[in-house]
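Data first, discussion second: the structure below is written as structure tokens.
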Amino acid sequence: MIDPVIIVPYLLACLLFAVIPGPSVSVVIANSLAGGTKAGLFTILGTALSMISMVFVVAIGLEAVMTFVSGAFEIIKLIGAAYLIWIGWKMFRSSGRLDMAAGDRLPIGRYIWQGALTNWSNPKTLLFLSAFLPQFIDLSRPAFGQIMTLGIICLVVAACSDSVYALAAGQARHLLTAARVRMVNRVSGVILMIGGVWLALQKRA
């Protein structure tokens with residue numbers, strides 16, 4: 001059970017963490033513009049799945065696991081950075097045609113994978129959670145359940161915040177002409193490529 005006294009400050013801290021745009025938000029917006037609100041929401045599902053796995057790593061607190069993840073950061077980061085640059089380049093070169101027309105099959109797995117990989121590509125997320133969550137636990141009680149509960153709350157807040165971006169971008173796509181879609185795709189593509197370069201240059205704290 002979480003101490004009710006910490007809930008309000010914890011929610012405010014989670015909201016502050018969630019509203020700061022990062023590479024994941026860029027992918028959510030890009031996919032929502034290209035494939036509609038559902039595409040953005042499936043991307044958010046991917047980021048949520050990756051985040052809960054990060055919370056689990058923090059909750060079990062095994063030194064061996066943390067050491068392995070820490071050692072794998074560089075590889076994970078570079079793979080994710082290359083992926084962001086690749087999808088950014090594809091978006092930059094797109095013709096301006098919206099990816100999803102009425103009746104088309106939504107590539108659910110692709111969006112979930114993009115969201116998960118992008119989130120895991122940013123080592124700062126796991127490092128933030130490992131430093132952030134323990135500050136709100138009661139050391140007199142088992143930590144695992146508390147950290148998982150706090151992590152799920154943080155995940156829900158982040159998912160709700162990201163959903164606002166997805167809904168806004170999904171609605172905006174209906175107002176776009178082909179020329180405007182091309183412009184938005186190029187801007188989004190540049191943002192994603194910059195995000196990929198930014199990830200690649202990040203140093204582990």
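The values are calculated or read from the model by the stated rules, or taken from the named source; none is laboratory data. Treat the numbers as computed from the prediction; the structure is a model and nothing was measured. Positions of Cβ are backbone-derived with ideal geometry, glycine not excepted, and every protein chain shown enters the neighbour counts.
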Margin query: I'm trying to understand the selection: among the residues of the stretch 174-195, which are of a type outside the set (G, A, S) and either modelled with pLDDT of 75 or more or under 14 Å from T118 (Cβ atoms) (or both)?
Written below: R186, V190, I191, L192, M193, I194
Check: List pairs: first in the stretch 3-23 and farther than 27 Å from W198 by Cα, second among the acidic types (D, E) and not in a helix (DSSP H, G or I), Cβ under 8 Å, 6+ apart or cross-chain?
Finding: D3/D138
Next item on the list: State yes or no: is L106 touching a Pro at 6+ places or on another chain (Cβ under 8 Å), modelled with pLDDT under 75 and farther than 29 Å from F136 by Cβ?
Entry: no
Note to self: Whether any residue in the stretch 30-44 is modelled with pLDDT of 80 or more and in a loop (DSSP other than H, G, I, E, B) is what I want to check.
What the structure shows: yes
Item checked: the stretch 109-145 - residue that is over 29 Å from I75 (Cα atoms) and not in a helix (DSSP H, G or I) and, of those, nearest to the chain's Cα centre (by Cα) -> I137
Next item on the list: Please tell me if A13 is under 16 Å from C160 (Cα atoms) and modelled with pLDDT of 85 or more.
Entry: no
